[in-house]
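Since the structure comes first, as structure tokens, the remarks are kept for the end.
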Amino acid sequence: MQQMKNPAASIALRVATAMHQMGIDGLPRNYELVYEAYSGSNPELVRDFIALGKVKTQEALDELGRKYLPHQHEDGLLSRQNGQVRAEMSNFISLLNEEKISLTDYGRVIGHASRTILTEADLEGTPLGQSIKMLKAATEKRAHQNSNVVRAVVDKTASLADMQREAEEAEAAKFVDPLTRLASRRAFNKAVAKIYANPEMPALCGVAIGEIDDYARIQEQMGPTVAERLLMQVGKVLEAVSGGGDLACRFDGGRFGLLLYTSDQDEISRVVDLVRGKLKASAFVGSNGGRSMGQLSMSFGICFSEQAPNAFDFTNFAEKALSTSKAAGGDTVTVYGASDYVSKDWLLYKKKPLGGFGA
């Protein structure tokens, strides 16, 4: 069978190799930056990345990330929000200062009236009468000022609440794929990083990275509208299979990921098999007179957390396994480190210790 080239997997391998050769730390934000640079989708990013030279320090990479991938550092939005909050709080403090001055003036009037009461006996037509009038006027003024302060505080509170909602919505949007409403690649990176919060004892889990076979051809022949509808249907299948405990993500193009919080090979194989079976059983219709697109196949690469020393290798090993599946002609599942298997509809696992890739 003729081997099918997979551009996305090829880029992923190039990214891993390049990061190793350049001595770039395997941080999720570094992987995303180098991936974007090597994919070539942003020429300006490519130019600036090359301009960093052979030795790329973490400071220089972070500066580039802040420019082209601001979600990684959150400086842009948070700085703007912080400036707005500070401005609102400054206005609030000014109101409090005005209140303080008003209270001081109010106290001065009351003090003057008190002294007059102590020294004057006849109220009618005396300074005491005038003081009482002043006290009344000051009281009315004070009540009016208090009303204004209350309204201003309410308005400022509502403004701060609006900014908080905007920040929360922006934060949540970073971790959601806008098309499929699955988790995004950023959410996946964040979740994988938590797996290795304790590098000496990572959480036992498995990651399955899958790609729709011939997605580039489908997109070219059927058009972007049909391709998007196809991706949304695949997203629904992954969401239904993953349930509430596991994480289903869309990376880019026709590539998806499943982070399954179990190291049981049989359970992970069951989930992957279920996904592929549902896709093959689904009726995907194109735009040409409702013509069926036929069975939709998907290739997968699987890795287990105990096989990888860190979050970067965990993802990278699964990418390598996916690349092997695609090189085998697609419609295949490969487990990183497993070489003895029968390639039918999907991989049959062997009860043997997990070893290195191709061992």
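Computed values, structure above
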read-out: Placed amide H near Ala183: partners under 5 Å, 5+ positions off or other chain; value: Asp177, Ala248, Arg250
read-out: Order of Ile209, Ile268 under a 10 Å beta carbon neighbour criterion, fewest first; value: Ile268, Ile209
read-out: Vicinal HN-Hα couplings computed from phi for region 57-64 (Karplus, 6.51 cos²θ - 1.76 cosθ + 1.60; Hz; Gly/Pro x); value: 6, 5, 4, 5, 5, 5, 5, 5
read-out: Order of Val207, Val272 - criterion: other Cβ atoms within 10 Å of each residue's Cβ, fewest first; value: Val272, Val207
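No value in this document is a laboratory result; all are computed from the given coordinates. This structure is a prediction, so every number in the text was calculated from the model and none was measured. Positions of Cβ are backbone-derived with ideal geometry, glycine not excepted, and every protein chain shown enters the neighbour counts.
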